[in-house]
Amino acid sequence: MVMNDGDLGSPKGDADTGMSEYHHNTPKRRDEADSAAKRITLVGALANLILTLAKAVVGVVGHSAALVADAVHSAADLISDFVVWVAIILGSREADENHPYGHRRFETMATLAVSILIIISAIVIIRDSILRIDSQQMTSPTHLALLVAALAIVVKEALYRLTIKVGRRYHLPLINANAHHHRSDAFSSVAAFIGIAGSIQGVAMLDLIAAMVVGLMLFRVGLKLGWEALLEMSDIGVDEETLLIIQELIVSEPDVVALHLLKTRHIGGEVLCEMHIQVPPRITASAGHQIAERVRLAIIKGVPRVAEVTVHVDPEDDEEGTVILARRQDLLAELEIIVNYFPNVEQIGEPLLHMLFSGCEVIMAPKISGDLDTIQSTAASLVEAIEASDSFVKATVHLRLGDLPAATSA
Ligand SMILES: [Zn+2]
Ligand SMILES: [Zn+2]
Ligand SMILES: [Zn+2]
């Protein structure tokens, strides 16, 4: 195909190749979230320390199995807080060579370890209560035990409210889990309170039954926490709703023709996201990069939990497989050999190659000397020669107005 559409200058452009993007995003928000998480975890730990001591001492002195069970619960919480604290310190370190995705995964592993601890202590409490009910070893709790249980309820409910505020604000699943844990602690103390009150009123068995209920609650907490950590460790993606939002953000970018291989995964409270976007096949690499950048920024802005987005740019749908052509430099070299057959053709600039699955297309504007007839017939022969090669499927040769002889261009 020969086109005579005026002086185009030197066609200079890059072939539309697929490319990978890796951009790291370290928002200030991350630091803010980390220090807020540290603060609320410390407050929770202090409260747990005081509650553990109070419940344990008063539970024993005040003869309440339920309060002792609740103390075990608080002790488990104390260790849990400590582990979470260490995990946050480890997790907030920047990515390094050994952990290119950062250290957020420590939070998840810590959560799993804590959940196992909670499950074990729950089993001990339940087993102990059953054994004592079975052997009629009734307890006789005092009013002091009742008072401590009441205080524990108030403190834990307050902790729940403070903690959930931080967790929701910064989307920190671990802190959210901690908050719900505080609330389940409050319920646990409510159970202890009812058991102790019932025992004082004369239903002796209620204290032990309450201890068992506290154990069951603890068991459930541990199971739930562990399950969530396991899900995250198994690289679970984002929920359906978030995935739809991300999809919508991608395809609403005008030059995104199609989307495939959209993958998300969690690390700590953050989401990593990668995808292939299909763009118009004959745009330049720089234009493709601009589209990829817009997609990346739109997702980071639209879904705050997303920390990193990797966009791969496809000029064609390669979901069913891809076609690897000869190297661009080799194609250019072959093209030069063909051009050299024509003594009156001088290549100016680099030809533009569209390296598509159907084959390589060439667009060039060489300098051709001679009269108008010669120029036109040479261009036609050049197109023919290029298209005759197995390496190229289509050639477009633009003529330069300046090359036309003055006598015929008038
Ligand atoms: Zn880039
Ligand atoms: Zn607890
Ligand atoms: Zn692809």
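The values are calculated or read from the model by the stated rules, or taken from the named source; none is laboratory data. The structure displayed is predicted, hence computed values, not measured ones. Counting neighbours? That spans all protein chains shown, and the Cβs are built from the backbone with ideal geometry, glycine included. The area values use the complete protein model at the heavy-atom level, side chains included, leaving out ligands, DNA and RNA. Shrake-Rupley method; radii C 1.70, N 1.55, O 1.52, S 1.80 Å.
Using R₀ = 35 Å, calculate the FRET efficiency as 1/(1 + (r/R₀)^6) where r is the Cβ-Cβ separation of VAL57 and PHE187; round to 0.05. The pair VAL57/PHE187 has a calculated efficiency of 0.95. Of the residues ILE50, ILE164, ILE299, the one that moves most in a GNM of the chain with alpha-carbon contacts below 10 Å is ILE50. Modelled spin labels at ASP134 and LEU223, positioned 7 Å past Cα toward Cβ, are 2.1 nm from each other. Here the stretch 240-314 carries DSSP beta bridges of which approximately 50% are antiparallel, counting only pairs with both residues inside. Summing charges over all other residues whose Cβ lies under 10 Å from the Cβ of PHE392, with Lys and Arg as +1 and Asp and Glu as -1, gives -3. Considering only beta bridges that DSSP places wholly inside the chain, some 50 percent are antiparallel. The Kirkwood hydrodynamic radius of the stretch 28-233, based on inverse pair distances between different Cα atoms, is 17.3 Å.
So what is the diffusion coefficient of the chain in µm² per second by Stokes-Einstein at 37 °C and 0.692 mPa s, using a Kirkwood Rh over Cα pairs? Roughly 123 µm²/s, to the nearest whole number. In the chain the longest region clear of GluC sites (Glu not before Pro) that are loop-assigned by DSSP and have at most 16 other C-beta atoms within 10 Å covers 98-318.
Shape index of the stretch 206-347: Rg/Rh, with Rg the Cα radius of gyration and Rh the Kirkwood radius from the inverse mean 1/r over Cα pairs, equals 1.32. Applying 1/(1 + (r/R0)^6) with r as the Cβ-Cβ distance of ILE348 and ASP390 and R0 = 30 angstrom yields a FRET efficiency of 0.70. Considering only chymotrypsin sites (Phe, Trp or Tyr not before Pro) in DSSP loops that have at most 11 other Cβ atoms within 10 Å, the longest stretch of the chain without any of them is 23-340. Rolling a 1.4 Å probe over the protein heavy atoms gives the chain an accessible area of 50 Å² per residue. Helix 372-388 and the longest principal axis of the Cα set of the chain meet at an angle near 50°. Helix 328-340 axis versus longest C-alpha principal axis of the chain: approximately 0°, rounded to the nearest ten.
Once the Cα atoms are used to define both axes, helix 240-251 deviates from the longest principal axis of the chain by about 20 degrees. Build a GNM of the chain with springs between Cα atoms under 10 Å apart, and of VAL238, VAL203, VAL190 the one that fluctuates most is VAL203. Between PRO343, PRO141, PRO173, the residue with the greatest mean-square fluctuation in the GNM of the chain (Cα pairs under 10 Å linked by springs) is PRO343. Computed over neighbours whose Cβ is under 15 Å from that of LEU206, the net charge equals -1, Lys and Arg +1, Asp and Glu -1.
Sorted from longest to shortest, the spans of the Cα atoms of the stretch 240-314 along the three principal axes equal 39, 20, 19 Å.
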